[in-house]
Amino acid sequence: MDELQSALDPIAQNSRTTAVMSTEEGTDILASGGRDLSPAQRALANEGDILARSPGAHAEITALEAAEKAGLTPSEIAVSRAMCPACQAAIESSGGVINDDLLGAYWP
């Protein structure tokens, strides 16, 4: 996840959130908030990763929606910046448990 975030320019690193969600099926979902993943971030993806898109949405929401659309079950998510209350609520309503540091969650 750190590698994905560091692929952004310094200004974007401070203003955009990057998320990596792992799923029970073994597929990883990569997402970024706002403008979606940059070309440099997309270039870091591994074969089989889902590059989630939802312009204007937060990274966490983008990843959740991509998992649902692909029929995948979230197992963990890590984010580069602390989750906002709306993203926390969305993850909790999907059955996720937010980590104390607000930089991730897991689905028991």
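Computed from the coordinates by the stated procedures, all read-outs in this text should not be read as laboratory data. Keep in mind that what you see is a predicted model, and the values were worked out from it rather than measured. Here Cβ is always computed from backbone atoms with ideal geometry, including for glycine, and neighbour counts include all displayed protein chains.
List the relative contact order of the chain as a percent without decimals, with contacts defined as Cα pairs under 8 Å and 6+ residues apart. Don't skip to the answer; put the middle values down first.
Working: 208 pairs, mean separation 27.5, N = 108.
Relative contact order, the chain: 25 percent.
Suppose we keep just the DSSP beta bridges with both residues in the chain; what percent of those would be antiparallel, to 5?
Values: 15 of 17 bridges.
In the chain, approximately 90 percent of DSSP beta bridges are antiparallel ones.
Could you give the length gained by full extension between Asp49 and Asp101, i.e. 0.36 nm per residue of separation minus their alpha carbon distance, to one decimal place? Don't jump to the answer; show the numbers that get you there.
Working: separation 52, 0.36 × 52 = 18.72 nm, distance 2.57 nm.
Using 0.36 nm per residue and subtracting the Cα-Cα distance, I get 16.1 nm.
Assigning unit charges at the beta carbon (Lys, Arg +1; Asp, Glu -1) and nothing else, what dipole magnitude in debye, to the nearest 20, does segment 22-72 show about its Cα centre? Before the final figure, lay out each step's value.
Values: 4 positive and 9 negative charges, 64 e Å.
In total the dipole reaches around 300 debye.
Given charges of +1 on the Cβ of Lys and Arg and -1 on the Cβ of Asp and Glu, with all other atoms neutral, how large is the dipole of the chain about its Cα centre, in debye to the nearest 20?
Working: 6 positive and 16 negative charges, 91 e Å.
Magnitude of the dipole: close to 440 debye.
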